[in-house]
Amino acid sequence: MIAISQAIRQAQHRLAAAGADAPATDARVLVAHVLCLSREALITEGNRPLDAAELERIGAMVARREAGEPLAYITGTKEFWSLPFGVRPGVLIPRPDTETLIEAALAAFKDRAAPLRILDLGTGSGCLLLTLLRLFPLAWGVGVDVSAPAIAVARENAAALDVSNRAAFMRGSWCAALRGPFDLIVSNPPYIAPTEIAGLAREVREFEPLLALDGGRLGLSAYGILAEQTPSLLRPSGRLILEVGIGQSEAVQSLLLQAGLKSVTAVNDLTGRARAVVGQTD
């Protein structure tokens, strides 16, 4: 019989041979997921033998990871701002970089009791909107995405996080048919230039939705649309907060200034790189 600790080691060796970046972590996560155990329990129950069905399920999940499938799609969940978000193929996986937008929103709106109206364009899993609704308990928001699978996942996440009564989701293209005013508009638009797609990590390039990655010419196409359409949806002193790729901050700031927004600034992530751009209406 193979024990839990042995299964973890075997999974780690397979993933290392397949070139996984973090084979030890991936192995523990996959085994814990299959067995519905905490990471602590993996240690305390490490000598427990596994039955054939458990070993088969672990093997199947390790094979998916060997093939490059993102861990979040295999387990069906990804943490964002210490909250669990369901994800599945066809929906962009939340990333730590995007938490910079949450930090920027908290800096802009210091009153947690403010009854904010929030718009999240390209909502994906809903991680931005739903996190903000948890942080601002009197806020209400709308998430928009062109992807039907994304809208379905975002609704599921709203229910799981107990904010469904304050979140509405619409399938659509950016600001089409929307009516303001909103206090805060956030967006993590596609911003990868087409020429850079081939250089992305395999698990991103081959598994995550191209629609959520490809930002058109220079990766800036969506920003032009957002700069044109969002100012009229913001109330006075409203904020627009956009995630940007490396090296795009100045170009996006210029677009927002041309659109008439004021106090346009960049916000750095934890590595010191400009990761968000914030603009304000009069």
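A few notes on this one:
- Any hit, the range 129-146, residues being on the phi < 0 side of the Ramachandran plot, buried (at least 23 other Cβ atoms within 10 Å of the Cβ) and touching a residue at least 60 places away in the same chain (Cβ under 8 Å): no
- Checking GLY260, GLY245 one by one, the residue that is touching a Phe, Trp or Tyr at 6+ places or on another chain (Cβ under 6 Å) and in the same structural domain as TRP140 (by TED's automatic domain parsing) is GLY245 and no other.
- Entirely in the range 201-282, the helices (runs of 4 or more DSSP H) that have 3 or more residues that are over 30 Å from ALA20 (Cβ atoms): 221-229, 249-258
Yes/no matrix, rows are residues, columns are (1) modelled with pLDDT of 95 or more; (2) farther than 13 Å from THR131 by Cα; (3) of a type outside the set (Val, Ile, Thr):
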| residue | (1), (2), (3) |
| --- | --- |
| ALA63 | yes, yes, yes |
| GLY68 | yes, yes, yes |
| THR77 | yes, yes, no |
| SER82 | yes, no, yes |
| PRO94 | yes, no, yes |
| ASP97 | yes, yes, yes |
| ALA105 | yes, no, yes |
| LYS110 | yes, yes, yes |
| ALA114 | yes, yes, yes |
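- Helices (runs of 4 or more DSSP H) completely within the range 1-111 that count 2 or more residues being free of Cβ contacts under 8 Å to residues at least 24 places away in the same chain and outside the structural domain of LEU242 (by TED's automatic domain parsing): 4-17, 23-35, 39-44, 52-66
- Qualifying residue in the range 152-168 (condition: within 16 Å of LYS78 (Cβ to Cβ) and part of a loop (DSSP other than H, G, I, E, B)): yes
- ARG217 at pLDDT below 95 and under 23 Å from the mean Cα position of the chain (by Cα): yes
The values are calculated or read from the model by the stated rules, or taken from the named source; none is laboratory data. Source: prediction; values computed, not measured. FYI the Cβ positions are ideal-geometry reconstructions off the backbone, even for glycines, and counts take in every protein chain you see.
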